[in-house]
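Student: I'd like to ask some things about the structure below.
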Amino acid sequence: MIPKIRTGTDRSFPLVDYLFGPGKHEEHTNQHLVASWNNFAPDPGPNPERHQVAKLANQLDQPVKALGKLAPANKIWHCSLRTAPGDRHLDDAEWAAIARRIVHATGIAPEGDTAACRWVAVRHAEDHIHIAATLVRQDGRLAALSFDKRKAQAEARLIEKEYGLRQLNPGDGTAAKNPTSQEQWKAERTGRTETPRESLREAVRQAVAGAAGEEEFFTRLREAGLRVKLRNAPSGDVLGYSVALPGDRNRDGEPIWFPGSTLAPDLSLPRIRRRLDTAPATATPETDNRPTHSGRSTPARRRREAAGTAERAAAVLDQDDDEAAAHLVGAGELLDALAQTSPAATRTELRYAARAFERATRSHVRAENADIRALRSAARGIVHAGSALGRGEDGGTTAMVLSTLVLVALAAARWHSARGHAQQAAASRQAAQHLRTAYQQAAATPMRTMREVGRALPEGERRRHDTTIRTVLGSAGTQQGPAREHDALAAVLAEAEKAGHDPKALLEKAVDRRELETARNTTDVLVWRIRRLADLPANPERPHTRTTAGTRARTAPSQARTTQPAPAQPVTDPRRPAPRR
């Protein structure tokens, strides 16, 4: 059950008129009262006449009018209560009892207090009610509201349990502010897929990802097309900032500004400055864009480096230390960097993952001594390298880093769960699911190629690598023939061996990671880890680019059984398929 509380400066009439009216899109049906402060308040009924609405509004406003000029600026308290999709149907009596519990818990109308605020509960849909109250008590005193939103959420968790409803995770006050209903209606009316608040929050997070300093942060905001307004002290020092979307204006034609702190608690300028104090290593544009000795493109190289950095962050999270809280922030920056530069095939899922994981980066745990420069440097490198093309080395290294980030998200879920951070743990698991989907999209082609390479290995070489895999991973030794699920792993071991590595030692090094235990597909994780440790190209050569020695080796035994060996067939023999170019 989700309670949303807002206050307003108007009198009761506009709100009551809306609650009993047809709604913005004729969605209100069977509008009626289910409860009120005295159980005798007049019920205007569905789509009432103006005088019927005025009768109820005037009764609600009487204590406010009695104070005259002494009435508070905020006169109206409005709380909507909605059940989750799939919850059972609640009848009017149940909604009335729930409304009384909410006004009691928040201090609007404590049980037994006959001089409390006046309120009504209106139902105009199957799954929710609205509570409208005035903030002056009937004895002339002001309502004693303190932490009403937090108290309403706590009471809602108890109601869910007692009424058999879907139980939501309790919050800790670190969540970002949700868009208001007015913002949502405006976004829908103007054809936006999301509210300006949500768009700005994502843009600011991406601007701070890997930024080396305050000036670069503000420059990135402007380059992203945002309006930026700085708040300066008389000395000229910057005290804060606000951002606005171009074209988002109020009724007076002025830009609608959002201070960073209203987008999310960690996007205020002081909090951003604290993050910028751990400045990443900077590089010149020439250094950022130079190719490596192997000719890999810069986006691919940066993703390869980020995979190793993310792997170390997962290990830190598994140590269950409070200092890991800072690494969650760094991992969030890395995700934001990937989301804005990822190939088109994975961009949507990565944006979802980054948006989910940003909730996991905020908690009341403070890490005072953690060093996250490596994570911020990895994020900076990815942003400066630019967008990956999604093919060749770029596509393979995208899969490489995503495979590791899934483990980071799962490690974050365990870390938060151990501290009772239910919302952050749920957000981490949600991010992991989006990352898995993005990984499957990025890894489909390179993993298919590696499995083909594994199946094309000479029989003897394949059996040797399969024995190594079973020995290191502890697989059953009685299995007949090579394990098909190890095709890609055998291929990468063969490739590493040709590059001069000891396959068994390399596999043991790759396995020797605690976070591997949570991998859904251990083989995939090991394949990418070995490719990174052995500095192999992210994508292997396809089977048809290899020599035909393996084919001749597999056909030799059948030839030996003939009385007279047949001459070796050339590659251009018409009975064989021509090699693909």
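The values are calculated or read from the model by the stated rules, or taken from the named source; none is laboratory data. Keep in mind that this is a model prediction, so the values were computed, not measured. Positions of Cβ are generated from backbone atoms using ideal geometry, with glycine treated the same way; all protein chains shown enter the neighbour counts. Protein only, heavy atoms only, side chains kept; ligands, DNA and RNA dropped before computing areas. Shrake-Rupley method; radii C 1.70, N 1.55, O 1.52, S 1.80 Å.
Student: Report ³J(HN,Hα) in whole Hz for each residue of region 248-257, in order, from the Karplus equation J = 6.51 cos²θ - 1.76 cosθ + 1.60 where θ = phi - 60°; Gly and Pro get x.
Tutor: In residue order, the calculated couplings are 8, 10, 8, 5, 8, x, 9, x, 8, 8 Hz.
Student: Relative to the first principal axis of the alpha-carbon coordinates of the chain, what is the inclination of helix 344-360, with its axis defined by its Cα atoms, in degrees from 0 to 90 and to the nearest 10?
Tutor: For 344-360 against the chain, the angle is about 50 degrees.
Student: Suppose each label sits 7 Å from its Cα in the direction of the beta carbon; what would the residue 84-residue 467 distance come out to in nanometres?
Tutor: The modelled label-to-label distance comes out at 5.4 nm.
Student: Now a separate question. Tell me, what is the per residue accessible area of the chain in Å², probe radius 1.4 Å? Show your work: numbers first, answer last.
Tutor: On the way: 28240 Å² over 581 residues.
The answer is 49 Å² per residue.
Student: Rank by packing, highest mean first: peptides 370-376, 354-360, 417-423, with packing defined as the count of other Cβ atoms within 10 Å averaged across residues.
Tutor: 354-360, 370-376, 417-423
Student: Moving on to the next point. Using the Kirkwood formula on the Cα atoms of region 382-457, what hydrodynamic radius do you get, in angstrom to one decimal?
Tutor: It is 13.9 Å.
Student: How large is the dipole of region 2-113 about the Cα centre if only Lys and Arg carry +1 and Asp and Glu carry -1, each at its Cβ, rounded to the nearest 20 debye?
Tutor: Details: 13 positive and 13 negative charges, 100 e Å.
Around 480 debye, computed over region 2-113.
Student: Within region 348-377, whose backbone N sits under 13 Å from a point 7 Å along Cα→Cβ of residue 422?
Tutor: none
Student: Taking amide H positions as placed in the peptide plane 1.01 Å from N, state which residues far from residue 116 in sequence (5 or more) or on other chains have amide H under 5 Å from it.
Tutor: The list, which skips near neighbours in sequence, is 138.
Student: Which value, to two decimals, describes the C-alpha radius of gyration of the chain once divided by 2.2 N^0.38 Å? Walk me through the intermediate numbers first.
Tutor: Details: Rg = 31.1 Å, N = 581, 2.2 N^0.38 = 24.7 Å.
The chain yields a ratio of 1.26.
Student: On full extension of the chain, what length is gained from residue 40 through residue 163, given 0.36 nm per residue of separation minus the C-alpha to C-alpha distance? The partial results should precede the final answer.
Tutor: Working: separation 123, 0.36 × 123 = 44.28 nm, distance 2.66 nm.
Extra length from residue 40 to residue 163 when fully extended: 41.6 nm.
Student: With the dipole of region 43-108 worked out from charges on the C-beta (+1 for Lys and Arg, -1 for Asp and Glu) around the Cα centre, which of 44, 105, 81 lies farthest toward the positive end?
Tutor: 105
Student: While we're here: Excluding ligands and nucleic acids, what accessible area in Å² is computed for residue 498 using a 1.4 Å probe, to the nearest 10?
Tutor: 140
Student: Next question. Around residue 506, under 10 Å between beta carbons, what's the net of Lys plus Arg minus Asp minus Glu among the other residues? The partial results should precede the final answer.
Tutor: Values: positive: 504, 509, 529; negative: 497, 502, 508.
Charge balance near residue 506 sits at 0.
Student: Could you go through region 159-174 in sequence order and give the Karplus-derived ³J(HN,Hα) for each residue, using 6.51 cos²θ - 1.76 cosθ + 1.60 with θ = phi - 60°, rounded to whole Hz, and x for Gly and Pro?
Tutor: With coefficients 6.51, -1.76 and 1.60, one gets 4, 4, 5, 6, 9, x, 9, 4, 8, 7, 7, x, x, 10, x, 9 Hz.
Student: While we're on this one: With axes computed from alpha carbons, what is the tilt in degrees of helix 392-418 against the longest principal axis of the chain, rounded to the nearest 10 within 0 to 90?
Tutor: The helix 392-418 is inclined about 50 degrees to the chain.
Student: What are the ³J(HN,Hα) values, in whole Hz, obtained from phi via the Karplus relation 6.51 cos²θ - 1.76 cosθ + 1.60 with θ = phi - 60°, for each residue of region 499-508 in sequence order, with x given for Gly and Pro?
Tutor: 7, x, 9, 7, x, 5, 5, 5, 5, 4
Student: While we're on this one: When we measure straight from the Cα of residue 504, which aspartates and glutamates land under 15 angstrom away, once same-chain ones fewer than 8 places off are left out?
Tutor: Qualifying aspartates and glutamates at Cα under 15 Å: 461, 466, 495, 512.
Student: Quick check: pseudo-label points 7 Å beyond the Cα along Cα→Cβ at residue 10 and residue 502, how many nm apart are they?
Tutor: The answer from the label model is 7.7 nm.
Student: How big is region 1-98 by the Kirkwood estimate over distinct Cα pairs, in Å? Please list the in-between numbers first.
Tutor: Details: mean 1/r = 0.0665 Å⁻¹.
In region 1-98 this quantity evaluates to 15.0 Å.
Student: Lys and Arg at +1, Asp and Glu at -1: add these up for the other residues within a Cβ distance under 14 Å of residue 213 and post the number. Write down the numbers at each step before the final one.
Tutor: Details: positive: 220, 273, 274, 275, 373, 376, 380; negative: 214, 215, 216, 277.
Value of the local net charge: +3.
Student: For a 32 Å ceiling on Cα separation, which of these pairs sit above it: 24/229; 4/229; 65/161; 75/186; 4/69; 69/151? The partial results should precede the final answer.
Tutor: Working: 24/229 34 Å; 4/229 30 Å; 65/161 40 Å; 75/186 24 Å; 4/69 29 Å; 69/151 30 Å.
Long pairs (Cα-Cα over 32 Å): 24/229; 65/161.
Student: Tell me, what is the percent relative contact order of the chain, built from C-alpha pairs under 8 Å that lie six or more residues apart?
Tutor: Numbers: 926 pairs, mean separation 57.5, N = 581.
Taking the mean separation of contacting Cα pairs over the length of the chain, I get 10 percent.
Student: Along the Cα→Cβ direction, 7 angstrom out, place labels at residue 366 and residue 344. What is the inter-label distance in nm?
Tutor: 4.7
Student: Based on the Cβ-Cβ distance of residue 533 and residue 24, what FRET efficiency does E = 1/(1 + (r/R0)^6) give at R0 = 60 Å, to the nearest 0.05? Intermediate values should be presented prior to the final figure.
Tutor: On the way: r = 57 Å, r/R0 = 0.96.
It comes to 0.55.
Student: Report, in debye and to the nearest 20, how large the dipole of region 301-371 comes out about its Cα centre when Lys and Arg carry +1 and Asp and Glu carry -1 on their Cβ. Kindly include the intermediate steps, with their values, before the conclusion.
Tutor: Values: 11 positive and 13 negative charges, 124 e Å.
Roughly 600 debye for region 301-371.
Student: Could you give me D for region 115-197, from Stokes-Einstein at 20 °C and 1.002 mPa s, where the hydrodynamic radius is the Kirkwood radius over C-alpha pairs? Units µm² s⁻¹, please. Before the final figure, lay out each step's value.
Tutor: Details: Rh = 16.1 Å.
For the chosen part, D equals 133 µm²/s.
Student: Right, something else. Compute the length gained on full extension between residue 154 and residue 190: take 0.36 nm times their separation in residues and subtract their Cα-Cα distance, giving the result in nm to one decimal.
Tutor: On the way: separation 36, 0.36 × 36 = 12.96 nm, distance 3.52 nm.
Result: 9.4 nm gained on full extension.
Student: Once the dipole of the chain is set up with Lys and Arg at +1 and Asp and Glu at -1 on Cβ about the Cα centre, which of 224, 445, 64 lies farthest towards its positive end?
Tutor: So the residue we want is 445.
Student: Then there is this: What is the dipole size for the chain, taken about its Cα centre, with +1 at each Lys and Arg Cβ and -1 at each Asp and Glu Cβ, in debye to the nearest 20? Don't skip to the end; give the middle numbers.
Tutor: On the way: 88 positive and 70 negative charges, 270 e Å.
That gives a dipole near 1300 debye.
Student: Please list, in chain and number order, the residues 5+ apart from residue 84 or on another chain whose amide H is under 5 Å from its amide H, with Hs placed from the backbone.
Tutor: 166
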